[in-house]
Amino acid sequence: MTGTRFDLAIIGAGPGGYVAAIRASQLGLRTAIVEREHLGGVCLNWGCIPTKALLRTSELYQAMRRASAFGLAADNVRFDLVRVVERSRQAAERLSNGVAYLMRKNNVAVIDGTARLMGQGRIAVTSKTGEPLPEIEAAHIIVATGARARTLPGLEPDGRLIWTYREAMVPQSFPNSLLIVGSGAIGIEFASFYRGLGAEVTVVELLPRILPAEDAEISEFARKAFARQGMALRTGTRVERLVKNADTVTARLSKPDGDSEELTASRVVLAIGITGNVEGLGLEQQGVKIENGHIAVDAWCRTGAQGVYAIGDVVGPPWLAHKASHEGVLCVEKIAGVEGVHPLDRNAIPSCTYSAPQVASVGLTEEAAQAAGHALKIGRFPYSANGKAIAQGDAEGMVKTIFDAETGALLGAHIIGAEATELIQGFVIAKTLETTEAELMAAIFPHPTLSEMIGESVLDAYGRALHI
């Protein structure tokens, strides 16, 4: 790094921060990024990427175990846990190195250290060894410090028996049984990984159903699919306390009606949400408002402090990498005065859960659409009626589309099944272009593909489905 004066300084190099830095450089802003741990942030190093590598292993393991269904023989199928974990870490390291290359390519100054706002565009930086580094000055500062796993009193992780997502990704030994607290995307993905490799898995959810942010019909479909795989799903259940034994954990579970029970598992994974990394940054002293553990911002990611912005997980849900990246780009473009910048459309943010089966959605659920006063037309199409799904042996799932009955506007789309996380982008593009049912019906879908189900679900909403 040469010099300490910049047009823009970014605190945090996760998918929000590093993407913001690249876009800023493209727009001619002299940019620095301060990162205290790893380029790529939690998502790349301890979240999105390594978990998908683990889930891919579990998926292939299950496919090999049913090789005979495809006319193949795979005897004595087993897994090497050390190699499984090693592969996931290699994937993370490769992409972290890729981010370092992108920073060099775009002339972004990368500063290893911990940042603190000092006011008037100044940032104090401390090295990893605790030594002060040269102070940074920038006309604009973006806080992109991300978030960490949330804990509750009596459910504190210890890294050995009670895990957060970090320990769950690098187990020293494979647990025979696992209790997962929370059934959002993180909890369900770990449930799928460990169950797929043979662990006895129990998922406990305080709310009445699993994947509570998803459409209720999709949630129920997922519950039945996971139950068939042998997962125990306890909804409407609270974990009152965890008691650590020599090499197991005993949980006290309770229901609203007063019923309670004790359950013992080899390990516990806490997946009860996340809270923003807002401590130690000097935010409050600069007039930045903190609400419920997250930074309050306006539609352009501006905080209450002049020249200070915030993006990504630190500003609250949805806690998604692609949402953070999108916020980073729009924030920088607004700073640079780019014309035609639009605020984030939260109804067009896709949500993906990489379980088996996968779950993906965009827009309103059926319940939310009804609550908003829409008259609805709803289409459904099963994977079991799709030629490609049958041919590849993945015929469990469905596509659900929700339209405004008066205007034909696509309000929401929900998919559960193979490659749902890839298929959802077709609906995301449709929503972004403000597509109606007429354009979707006019679109030609290639055959044989899973994407044909997108078209068929639209046709079904209007009584025109061809293959059911």
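Quick rundown of the values:
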| quantity | calculated |
| --- | --- |
| Hull shadow area, averaged, segment 357-461 [alpha-carbon convex hull, nm²] | 5.8 nm² |
| Where only C-alpha atoms are counted, convex hull volume of segment 5-83 per residue in Å³ | 114 Å³ |
| Distance between segment 416-445 and segment 130-187 - C-alpha centres, whole angstrom | 34 Å |
| Cβ-based net charge around residue 245, under 15 Å, with every Lys or Arg adding one and every Asp or Glu removing one | +2 |
| Quarter of Cα convex hull surface for the chain, i.e. mean projection, nm² | 25.0 nm² |
| Relative contact order of segment 162-272, defined on C-alpha pairs under 8 angstrom at six or more residues apart (%) | 34 percent |
| Hz values of 3J(HN,Hα) by residue in segment 260-269 - Karplus curve (6.51, -1.76, 1.60), Gly and Pro given as x | 9, 7, 10, 9, 10, 9, 4, 9, 10, 10 |
| Selection from 325, 41, 373, by position along the positive dipole direction of the chain (Cβ) | 41 |
| Taking only Cα atoms of segment 212-356, radius of gyration then Dmax in Å | 20.7, 62 |
| 222 nm mean residue ellipticity, helices alone, for the chain (DSSP H n ≥ 4; -39,500 (n - 2.57); rounded to 500) | -9500 deg cm²/dmol |
| Residues residue 129 and residue 66, FRET efficiency given R0 of 60 Å [Cβ-Cβ distance, rounded to 0.05] | 0.70 |
| Lone cysteines, the chain (no partner Cβ under 4.7 Å) | 352 |
| Shape of segment 162-272, Cα gyration tensor, a/c cut at 1.5 | oblate |
| Restraint check, 224/388; 377/400; 128/289; 224/400, Cα-Cα greater than 19 Å | 224/388; 128/289 |
| Zone of residue 52's modelled label, taken as backbone nitrogen in segment 1-45 under 14 Å from a point 7 Å along Cα→Cβ | 15, 43-45 |
| Total formal charge among the other residues, if their Cβ is under 13 angstrom from that of residue 363, Lys/Arg +1 and Asp/Glu -1 | -4 |
| Segment 191-258 versus segment 318-336: alpha-carbon centroid distance in Å | 33 Å |
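Read-outs throughout are calculated quantities, based only on the coordinates presented, and are distinct from any laboratory measurement. Given the structure is predicted, the values throughout are model-derived calculations rather than measurements. Backbone-built Cβ (ideal geometry, glycine too); neighbour counts: all protein chains shown.
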